[in-house]
Amino acid sequence: LRRVNVDGDAQIRGRVVVLGGGNTAIDCARSALRAGASSVTVAYRRSRLEMPAIHEEVDAAEREGVTFAFLKQPVAFLGNGQLEGVELADVELGPADRSGRRTPMTTDRRASIGCDAVLLALGQSADESVLPEGWSLRDGRAFAAGAPLPVFVAGDLSTGEGTVAHAIGDGRRAALKALAALGDAVAEVVPAPMERSVPRSVMRFDHFPRRPADEGAEHEPAEGMLDFGEVEGGLANASEADRCMSCGHCTNCDNCLVYCPEGVIVRHGAGYAIDLDYCKGCGLCAAECPRGAMEMGAL
Ligand SMILES: Cc1cc2nc3c(=O)[nH]c(=O)nc-3n(C[C@H](O)[C@H](O)[C@H](O)COP(=O)(O)OP(=O)(O)OC[C@H]3O[C@@H](n4cnc5c(N)ncnc54)[C@H](O)[C@@H]3O)c2cc1C
Ligand code: SF4
Ligand code: SF4
């Protein structure tokens, strides 16, 4: 198996097979094309529908010339000292596993694909071997022999979330933790629990103007093919932010106040107050809040 460095000395020249089905597999495939591969095939053990990769990026890879072999499980590398191919077994999908995706079941039916290089894109995790011996990580902090050290960790090493946005947010939380440990009076940022997220069922979409998403500028493959320039041009401007509906956050729109049949909701400081002595509990206020910022509950 030849190791290939796609952004350094770019030695991919022949037929490349990428093993995996996530975003990294798609990145490897598109990078291999740009680095000079004559053909690129992504082999994945589930079907296209179950691919964890972003579907638009799978489509873009296909437009650029990447081919896909779905329901294929790699079982052997072929060649004698020099890679010549990969043997792939056909896969049938069984019952759903804990992730909700159907379990791939390898069959005895096999075929091989000839290739000159294989890129393994089979998942990634933080390498904790960089830590000094005896150290462990917990809640964004390093520990030795159970005692906290003045060392804070953030991003993939800490959370394993695997996105830039999570890494940035976690970096901020780690900085606040460090400041707090140094004695600064800072409030810790605690992420809102997922069970508090606002479901679609409580949103009142009729209250919002319908505006299709800005899909951003994308350069066609012929332009972007053989260089590593940006393919996606990004959004034209910040107007996309206007589509935010502030789910779960009161924007002082006054809807609840207007809809309350008893007139018991009044503006109060930066928010509202409800005269509970006269509230009939009809629930209209919560039902008419466009963004799920209000809910009914027992006192
Ligand atoms: C191929 C690929 C594609 C991705 N695509 C996306 C994407 O499209 N969108 C997205 O949101 N996320 C994507 N990610 C994930 C994203 O890159 C990471 O989640 C993010 O970079 C994590 O940031 P971080 O600061 O925690 O770690 P990193 O960005 O990995 O930074 C860690 C830094 O530490 C340095 N380092 C490591 N060991 C040492 C050492 N011993 N001494 C000194 N320095 C060291 C490394 O060189 C590196 O610069 C992708 C990841 C990969 C691998
Ligand atoms: S529950 Fe009904 S009466 Fe009470 S504040 Fe809401 S809309 Fe008004
Ligand atoms: S609670 Fe909802 S309806 Fe009432 S002012 Fe806030 S956003 Fe508007």
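Readers should treat all values here as calculations from the given coordinates under stated rules, not as data from a laboratory. What you see is a predicted model, and the numbers here were worked out from it, not measured in a lab. Neighbour counts run over all protein chains shown; Cβ positions are idealised from the backbone, glycine included.
Brief remarks follow.
- Relative contact order for the chain, counting Cα pairs under 8 Å that sit 6 or more residues apart, in percent: 12
- Partnerless Cys - the chain, beta-carbon criterion under 4.7 Å: Cys28, Cys115, Cys244, Cys247, Cys250, Cys253, Cys260, Cys279, Cys282, Cys289
- Comparing Val42, Val66, Val258 in a Gaussian network model of the chain where C-alpha atoms under 10 Å apart are linked, the largest mean-square fluctuation is found at Val258.
- Residues in the range 144-161 carry Karplus couplings, in order, of 9, 6, x, 9, x, 9, x, 10, 10, 10, 9, x, 4, 5, 8, 10, x, 5 Hz; the curve used is 6.51 cos²θ - 1.76 cosθ + 1.60 with θ = phi - 60°, and Gly or Pro positions show x.
- Cα-based Kirkwood hydrodynamic radius, the range 81-237, one decimal, Å: 22.1
- To the nearest ten degrees, helix 55-64 and the longest principal axis of the Cα atoms of the chain are 30 degrees apart.
- The tail of the calculated P(r) for the chain, taken as Cα-Cα distances beyond 26 Å, holds 66 percent of the pairs.
- Those GluC sites (Glu not before Pro) in the range 107-178 that DSSP places in a loop and that have at most 13 other beta carbons within 10 Å: Glu133, Glu161
- Rounded to the nearest 10 degrees, the inclination of helix 23-35 to the longest alpha-carbon principal axis of the chain is 50 degrees.
- Coordinate range of the alpha-carbon atoms in the range 95-169 per principal axis, descending: 55, 34, 28 Å.
- Summarising the amide proton neighbourhood of Arg141: residues at separation of 5 or more, or on other chains, whose placed amide H is nearer than 5 Å comprise Val153.
- Fluctuation leader among Leu131, Leu235, Leu157 - the chain, Gaussian network, Cα springs under 10 angstrom: Leu131
- Equivalent ellipsoid, the range 239-285 (semi-axes from 5 times Cα gyration tensor eigenvalues, Å): 25, 12, 8
- A Cα-only calculation for the range 64-128 places Rg and Dmax at 14.5, 40 Å.
- Principal axes of the range 45-153: Cα extent on each, largest first, Å: 54, 39, 32
- Cleavage-rule hits (trypsin sites (Lys or Arg not before Pro)) in the range 50-128: DSSP loop, at most 15 neighbouring Cβ within 10 angstrom: Arg98, Arg101
- Contact order normalised by residue count of the range 103-229, Cα under 8 Å, 6+ apart, percent: 12
- From phi via Karplus (6.51, -1.76, 1.60), per-residue ³J(HN,Hα) for the range 113-123 in Hz, x at Gly/Pro: 10, x, 7, 10, 8, 10, 10, 8, 10, 9, x
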